[in-house]
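So the structure is just underneath, and the comments pick up after that.
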Amino acid sequence: MKKMEINFGFWQKVKEKAVREKRPIFVLAPMADVTDAAFRRIIAKYSRMGKKSGGPDVLWTEFVSADGLCSPGREVLLHDLAFSKIEHPIVVQLFTSHPDKMRQAAALVAGLGFDGVDINMGCPDRSIEKQGAGAAMMKDPKAAVAVIAAAREGAADISISVKTRIGYNKVDFDWLRILLEQKLPVLTVHLRTRKEMSLVPAHWELMPEIVKMRNEISPETILIGNGDVESLGDGYKKVDESGCDGVMFGRAIFGNPWLFDEGKEKEKSKTEKLKDESNVIVEKLHMMVEHTKLFEKLLGEVKNFAIMKKHFKAYVNGWDSAKELRVKLMETTNADEVKKVVDKYVDSILSKESNE
Ligand SMILES: Cc1cc2nc3c(=O)[nH]c(=O)nc-3n(C[C@H](O)[C@H](O)[C@H](O)COP(=O)(O)O)c2cc1C
């Protein structure tokens, strides 16, 4: 049998850098209506992506329908696929159960300049599963293998990876074995079954077993663990304990675009100790306004402003008068209004402080 070469593409450099710096690979999770074009740009800027002790090593887009990219609805989806120079390397996540659509869509996104394509084989959303895509792929490994092959045909020059779960109704090592046999450059495993959704703690205790299997079947494949990683420190710990190569951070980024900046992490704990809260709050609120303006500029025509309100809840949290501000922000309908509400609030906390 002909030995299959793994196409690492940009991942080769990512891997070498992490080895050189003796640290895990840290990547951002795809999250629909969260890690959109606007938030990704904010994360790349404030986590200092590509700079010393900044991150993440790789950004993921939200999932995008390959079928949609092959239809006249493409124009709207292309807004989700906008990215700037500071966001490289960036992987686009696609879903479909149709190899021909995957082939076409992979060719299209390769032409847009993405560094890699990731295939979603874990999403539990019913509307995605009805199409035979996302988590439903776990029930049809033959289709999954065909979709991977089609992505490789469509985008031969860039790397093709997969993100999945540990099984459908129960833990299914056979499924992971099949994926590892595909000689993927990267396999990301969200350590929960489809049935578990996000309702139980991620099964990090299974990762050593998955690492063992990877070592036997495809030792070069980069294995990324995902689920409940709370901070960079937690990421170091989980990699250390489980033996995988990196971690993917999802919900930890909510309201915290600095997550991947190691310098900021240290500074934050220092300022927290000093109780210099208002500076941190003001900085965060100004960043939230910048995020909102960017959302309006890049996505205002195609996405509902309500999406930003989820971010407001995450940004404005954890200090005494946060609720009061949150309530006001929920009534806003555009970036100008958000700025006005924030400016007024910042003035009030700063003047209170100078009177103390
Ligand atoms: C709002 C939201 C949207 C998500 N959208 C996607 C998606 O588009 N593609 C995907 O593979 N996973 C998606 N996920 C799952 C995350 O990528 C990740 O696997 C999950 O949140 C567990 O990681 P965490 O505990 O670090 O958040 C989504 C999760 C959330 C909370």
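Taking only pairs six or more apart or across chains, which ones have beta-carbon atoms under 7 Å, a first residue in region 296-318 that is under 12 Å from Asn334 (Cβ atoms), and a second residue that is crowded, with 17+ Cβ neighbours inside 10 Å?
Matching pairs, first to second residue: Glu296/Ala335; Met308/Thr292; Met308/Phe295.
Out of everything in region 329-352 that is at pLDDT 95 or above and of a type in the set (Lys, Arg), what residue ends up being surrounded by the fewest Cβ atoms within 10 Å (Cβ to Cβ)?
Restricting to residues being at pLDDT 95 or above and of a type in the set (Lys, Arg), the top hit is Lys344.
List every residue pair whose Cβ atoms sit under 9 Å apart, with the two residues 6 or more apart in sequence or on different chains, where the first one lies in region 203-227 and is not assigned by TED's automatic domain parsing to the domain that holds Leu184 and part of a loop (DSSP other than H, G, I, E, B) and the second, anywhere, is among the polar types (S, T, N, Q) and more than 16 Å from the ligand (Cβ to nearest atom).
none
Checking Gly111 against (1) assigned to a helix (DSSP H, G or I); (2) within 16 Å of Val162 (Cα to Cα); (3) of a type in the set (Gly, Ala, Ser), which single condition isn't satisfied?
Gly111 satisfies all of (1) assigned to a helix (DSSP H, G or I); (2) within 16 Å of Val162 (Cα to Cα); (3) of a type in the set (Gly, Ala, Ser) except (2).
Which residue pairs have Cβ atoms closer than 6 Å, lie 6 or more positions apart in sequence or on different chains, and pair a first residue in region 132-146 that is under 13 Å from His98 (Cα atoms) with a second residue that is of a type in the set (Ser, Thr, Tyr)?
Between residues of region 132-146 that are under 13 Å from His98 (Cα atoms) and residues that are of a type in the set (Ser, Thr, Tyr), the close pairs are Gly132/Ser97; Ala133/Thr96; Ala133/Ser97; Ala143/Ser97.
Residues are listed down the side, and each one gets a yes or a no for (1) of a type outside the set (Val, Ile, Thr); (2) farther than 26 Å from Lys303 by Cβ; (3) surrounded by fewer than 21 Cβ atoms within 10 Å (Cβ to Cβ):
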{"site": "Val19", "(1), (2), (3)": "no, yes, yes"}
{"site": "Phe26", "(1), (2), (3)": "yes, yes, no"}
{"site": "Met31", "(1), (2), (3)": "yes, no, yes"}
{"site": "Val64", "(1), (2), (3)": "no, no, no"}
{"site": "Leu69", "(1), (2), (3)": "yes, no, no"}
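Residue check: is Glu241 away from the ligand (no atom under 11 Å from the Cβ), farther than 15 Å from Gly122 by Cβ, free of Cβ contacts under 8 Å to residues at least 12 places away in the same chain and not hydrophobic (A, V, I, L, M, F, W, C)?
Criteria not met by Glu241.
Does region 45-64 include one or more residues that are in contact with a strand residue (DSSP E or B) (Cβ under 9 Å, 6 or more places away or on another chain), away from the ligand (no atom under 13 Å from the Cβ) and modelled with pLDDT under 95?
no
Hey, could you check region 116-127 for residues that are within 19 Å of the chain's Cα centre (by Cα) and free of Cβ contacts under 8 Å to residues at least 60 places away in the same chain and say which is surrounded by the fewest Cβ atoms within 10 Å (Cβ to Cβ)?
Among residues in region 116-127 that are within 19 Å of the chain's Cα centre (by Cα) and free of Cβ contacts under 8 Å to residues at least 60 places away in the same chain, the one surrounded by the fewest Cβ atoms within 10 Å (Cβ to Cβ) is Asp125.
The values are calculated or read from the model by the stated rules, or taken from the named source; none is laboratory data. Note that the coordinates shown come from a computational prediction; the quantities given were computed from them, not determined experimentally. A quick note on method: Cβ atoms are made from the backbone with ideal geometry, for glycine too, and the neighbour counts reach across all protein chains shown.
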